[in-house]
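Working notes, beginning with the structure itself.
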Amino acid sequence: MSTGEHRDTLPAELDAAGYVGVTTFPDPGRRKWVGAMWLVVAAIAGVILATHPIDGVLINRGLVPFAVGAALVGAYHFIAGRGLKLREADALVIASKEVGFPIGHASAQLGFRGLLSRPTWRILVYSADNPPTKRGMVLIDGADGVVLGQYVEDNPEDPSIWAGAS
C-alpha cells in the first residue's frame with residue numbers, strides 16, 4: 001500500500017478474529033434512556049411554546065409538530081425498552097431441556113418481535129454426537145423465559161462431504 005492510499009480498518013477492540021470467550025448482549029432496556037432524552041426534548045419544546053410567541057423566525061408553528069413527534073418517539077422508546085431478564089446462558093439451558101437431546105454446538109441470536117420489540121432468543125442447537133445427528137431451533141422470550149416455539153429434526157447434512165476437507 002502506498003503512503004497516499006488509505007484503507008478502512010477496524011479498531012483493535014472491534015476485531016473479533018482474536019476474541020475467545022462469551023459474548024454479552026447489551027440490554028435493550030437501555031432504550032429507556034433514549035426515550036427519556038426524547039421526552040425531555042419534547043418538554044423543553046413545550047415550555048418554549050408556552051412561554052414565547054409562535055410567530056417568529058426561530059420559534060414558529062413548526063415547533064408544535066416537533067414537540068408532539070418527539071413526545072411520541074420518546075414514549076415509544078420508553079415502552080419498547082423492555083429489559084432483558086434472560087441472558088444467553090439461561091436461554092441455552094432452557095433450549096437444552098426443550099429439545100430433548102444433549103447439545104454439542106449451539107448458537108444464540110437475540111432478535112425482537114412485535115410492534116413493541118419484545119426481546120426473543122433464537123437458539124440453534126446441534127446434538128453432541130460426532131457428527132451431529134439432530135439439530136433444532138428454539139425461540140425463547142427474553143423478558144420472561146417462556147418457550148415460544150421449537151423445531152427439532154434429524155440433521156440432513158451429509159457428513160461424508162467433510163471427510164476430504166481437512
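Give the cross-link partners of LYS32 among the lysines, using a straight C-alpha distance below 23 Å as the criterion and excluding same-chain residues fewer than 8 apart.
Answer for LYS32, where 23 Å is the Cα cut-off: LYS85, listed by chain and number.
Just how large is the dipole of segment 88-162 about the Cα centre, in debye to the nearest 20, putting +1 at every Lys and Arg Cβ and -1 at every Asp and Glu Cβ?
Once rounded to the nearest 20, the dipole reads 220 debye.
Quick one: net charge of GLY104's neighbours, Cβ under 11 Å, K/R +1, D/E -1?
Around GLY104, the surrounding residues sum to +1.
Can you pull the one-decimal nm distance between simple spin-label points at LEU115 and LEU58, each 7 Å off the Cα toward Cβ?
3.9 nm
Just grab the label-to-label distance for SER107 and VAL152, each label 7 Å out from Cα along the Cβ direction, in nm (one decimal).
For SER107 paired with VAL152, the spin-label model returns 2.1 nm.
Which value, in debye to the nearest 20, gives the size of the charge dipole of segment 19-166 about its Cα centre, when Lys and Arg are +1 and Asp and Glu are -1 at the Cβ?
On the way: 13 positive and 12 negative charges, 128 e Å.
Approximately 620 debye in magnitude.
For LYS134, which aspartates and glutamates qualify as cross-link partners when the Cα separation must be under 16 Å and same-chain residues fewer than eight apart are set aside?
Hits, sequence-local ones excluded: GLU98, GLU153, ASP154, GLU157, ASP158.
Going toward the positive end of the dipole of the chain, with +1 on Lys and Arg Cβ and -1 on Asp and Glu Cβ, which of ILE44, ALA75, LEU10 do you reach last?
So the residue furthest toward the plus end is ILE44.
Just so you know, all these numbers are worked out from the coordinates, no wet-lab data involved. Since the structure is predicted, the reported quantities are computational estimates derived from the model, not experimental observations. Neighbour counts are summed over all protein chains in view; Cβ atoms, including those assigned to glycine, are modelled from backbone coordinates with ideal geometry.
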